[in-house]
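The values are calculated or read from the model by the stated rules, or taken from the named source; none is laboratory data. Since the model is a prediction, treat every value here as computed from it, not as a measurement. Heads up, the Cβs are rebuilt from the backbone with ideal geometry, glycines too, and the neighbour counts pull from every protein chain shown. Accessible surface is based on the protein model in full, side chains and every heavy atom, while ligands, DNA and RNA are left aside. Shrake-Rupley method; radii C 1.70, N 1.55, O 1.52, S 1.80 Å.
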Amino acid sequence: MKLVVRVKLLPTPEQAAALEATLRAVNDAATWVSTLAHNQRVFRNYDLRRHAYGQIKDNYGLAAQAAQHVIKKVTDAYATLHANLRNGQAGKPGSARRERALAKPIVFRPGAAQPFDDRCLSWQMDARTVSIWTTWGRMKSVAFTASADQLTTLAAYRKGESDLVYRDGMWFLIATCDLLDVPVIDPDGFLGVDLGIANIAITGDGVRHSGKALNAVRHRHRELRRRLQRKNTKSAKRLLKKRRRKEARFAADTNHTIAKRIVTEATRTGQGIALEDLQGIRDRVRLRKPQRVTLHSWSFHQLGRFIAYKAARAGVAVVYVDPAYTSQGCSACGHVDKKNRPDQETFLCTSCGFAEHADVNAARNIAARGVTSWAVSHAA
Ligand SMILES: [Zn+2]
């Protein structure tokens, strides 16, 4: 299993200037190669290398590895574009959109990501620094920050290239980690996870992972967004984009924390994890209008992804179950009735009298379905 770890760099002003010059040089070079490729209709790596390698090395001050990465970046970008054209994602043949996509060469932003391999970038895990090739020479001791969890993962599994990116005034390295496949432990029961808005996730053991902080941030951002959209100036748009990224980062941090707690709990108790199959979550979570904007279905998908890979790393079994009627069914006797839910928070069985927080009841139903689905798929 592969996953990426993103660490923030803390360069000194001099190091930051070197990084900036470097990223600008490789992306300027990429745009130049891209223009050449577009004008001469040469898109294969081998051919482009013959045409451009020597020139970008000399004209942009690139090391051999960097020049090769630049050419590969360009050929990859065109391969993606051509694939999109083939499967019709850029519009029908002859359409204005498609013509636009074909008319001009691909342009690389000055801060666009650039891959660095082990020859151009080395990691000193104990010192929390990297040594990186720049157009100003090798920069040693560039500090970075990472969580304890990230450090362990990097030290054990980091492999191959890392991407250097500049975003919102910050420098990041995005490292690829190749995790070995951990054998899945035969689960002793399942921990059901119910996803919602007020509580992002709630487990069958009654642990609630509140969405309060996240919802507060989203509301604050929504207000700001409204004001900025009304302004509609260039700087407002820039600020808007920055805000959106900040909100996404906050949501990702929240999801990481929740996923980690759930997987830790499953590991501790020897249980597997039962998740809702999220196909069509927008249809399932029916909400009153003001709440609808708070629902970011991608955020649920992301949480599901985080849980899945953290579980895989720990050898915890994960099953996906159909969530239909899990909120109306009684986890004690199985009786399904709309009336079992007198309000949003409460579950009260009209048949056996069982009472529980509505989401906890739903999570237990999800857990029960997890047990069945595991038994069926492992019957042989
Ligand atoms: Zn009941």
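Give me D for the chain in µm² s⁻¹, whole number, from Stokes-Einstein with Rh from the Kirkwood sum over alpha-carbon pairs, 10 °C and 1.306 mPa s.
Diffusion coefficient, whole number: 65 µm²/s.
Over the chain, give the accessible area per residue in Å² for a 1.4 Å probe, as an integer.
Computed with neighbouring chains in place, this is 54 Å² per residue.
Taking the alpha-carbon distance from residue 234 and a cut-off under 17 Å, which aspartates and glutamates remain once sequence neighbours fewer than 8 residues away in the same chain are dropped?
Hits, sequence-local ones excluded: 168.
Could you state the angle between the C-alpha long axis of helix 13-40 and the longest principal axis of the C-alpha atoms of the chain, as a value from 0 to 90 degrees rounded to the nearest 10?
So the helix axis and the longest Cα principal axis differ by about 80 degrees.
Quick one: which of 327-333, 229-235 comes out on top by average Cβ neighbours within 10 Å, and what's the full order, highest first?
Top to bottom by mean Cβ count within 10 Å: 327-333, 229-235.
If I compute solvent accessible area with a 1.4 Å probe over the protein chains, what percent of it on the chain is carbon and sulfur?
Whole-percent figure for carbon plus sulfur exposure: 52.
Starting from the Cα-Cα distance between residue 246 and residue 343, subtract it from 0.36 nm times their residue separation and give me the gain in nm to one decimal.
Length gained between residue 246 and residue 343: 31.5 nm.
Below 8 Å, C-alpha to C-alpha, sequence gap of six or more: please give me the relative contact order for the chain in percent.
17 percent
Straight-line reach from residue 237: which lysines have Cα under 24 Å away, leaving out those fewer than 8 places along the same chain?
246
Relative to the compact globular guide of 2.2 N^0.38 Å, what is the alpha carbon radius of gyration of the stretch 88-197, as a ratio?
1.61
Under a point-charge model restricted to the Cβ atoms of Lys and Arg (+1) and Asp and Glu (-1), what is the dipole moment magnitude of the chain relative to its Cα centre, in debye to the nearest 20?
Approximately 2380 debye in magnitude.
How charged is the neighbourhood of residue 345? Take every other residue with its Cβ under 12 Å from the Cβ of residue 345, and add Lys/Arg as +1 and Asp/Glu as -1.
That sum, taken over residues with Cβ under 12 Å, equals -1.
Around residue 21, under 12 Å between beta carbons, what's the net of Lys plus Arg minus Asp minus Glu among the other residues?
-2
Extending each Cα 7 Å along its Cβ direction at residue 155 and residue 335, get the distance between those two points in nm, one decimal.
5.6 nm
Taking loop as defined by DSSP and a crowding limit of 14 other beta carbons within 10 Å, which trypsin sites (Lys or Arg not before Pro) in the stretch 1-89 fit?
41, 44
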